[in-house]
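The values are calculated or read from the model by the stated rules, or taken from the named source; none is laboratory data. These numbers come from a predicted model, not from an experiment. Heads up, the Cβs are rebuilt from the backbone with ideal geometry, glycines too, and the neighbour counts pull from every protein chain shown.
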Amino acid sequence: MRCPFCGHDDTQVKDSRPTDDGSAIRRRRFCPACGARFTTFERIQLRDLTVVKTHGKKEPFDRDKLARSLQISLRKRDVDESAVERVVNSMVRQLESSGESEIPSKTIGEMVMNALKTLDGVAYVRYASVYKDFRAPEEFNEFVGTLSPTPPTDTDS
């Protein structure tokens, strides 16, 4: 593994352990050239996935991009990081086991929408406003109007 700090080709593994959900191996590494320490994650990849964009452009599937899109929608929301990681892992497993190597971006977008709907309603609306490309406040209001109301809590009085 190449050191991300100095580019040295031969780093040493100091500690390896599975992640909490068992979906990856977390490795603490040390670079003998510059003394830097860093962490890597090793995951099983069942097949190479390609995302087919709306206009036909193709690009390799990027797990980190998927996680970032969820994180952006969930910014400043009280959602456990491990719950987000479980959702991302589940979505990646679903995509890899679908039998398809080319996945339409629309499919991924719908999966993210469904995941956010269960994780956090506000994040769901945030993501939808970008994903559905709202152009006017009326479109936003119409979308929010389709959501089922959340029952009031004791703090709402």
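Some values worked out for this structure:
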| item | result |
| --- | --- |
| Test: residue in segment 34-41 that is free of Cβ contacts under 8 Å to residues at least 40 places away in the same chain, of a type in the set (S, T, N, Q) and either touching a helix residue (DSSP H, G or I) at 6+ places or on another chain (Cβ under 6 Å) or surrounded by 13 or more Cβ atoms within 10 Å (Cβ to Cβ) (or both) | yes |
| Subset tally (residues that are outside any strand (DSSP E or B), among the hydroxyl-bearing types (S, T, Y) and closer than 18 Å to E85 by Cα) for segment 4-53 | 2 |
| Selection within segment 21-33 - within 16 Å of M91 (Cβ to Cβ) and either loosely packed, with under 15 Cβ neighbours inside 10 Å or in contact (Cβ under 8 Å) with a residue 60 or more places away in the chain (or both) | D21, S23 |
| Long-range neighbours under 8 Å by Cβ, at least six apart or interchain, first residue more than 15 Å from L49 (Cβ to Cβ) within segment 73-93, second of a type in the set (K, R) | S73/R126 |
| Helices (runs of 4 or more DSSP H) fully within segment 73-148 counting 1 or more residues that are outside the structural domain of A24 (by TED's automatic domain parsing) and over 16 Å from the mean Cα position of the chain (by Cα) | 121-131, 137-145 |
| Flag for R75 being loosely packed, with under 12 Cβ neighbours inside 10 Å, modelled with pLDDT under 95 and either out of contact with any helix residue (DSSP H, G or I) (no Cβ under 6 Å at 6 or more places or on another chain) or β-branched (V, I, T) (or both) | yes |
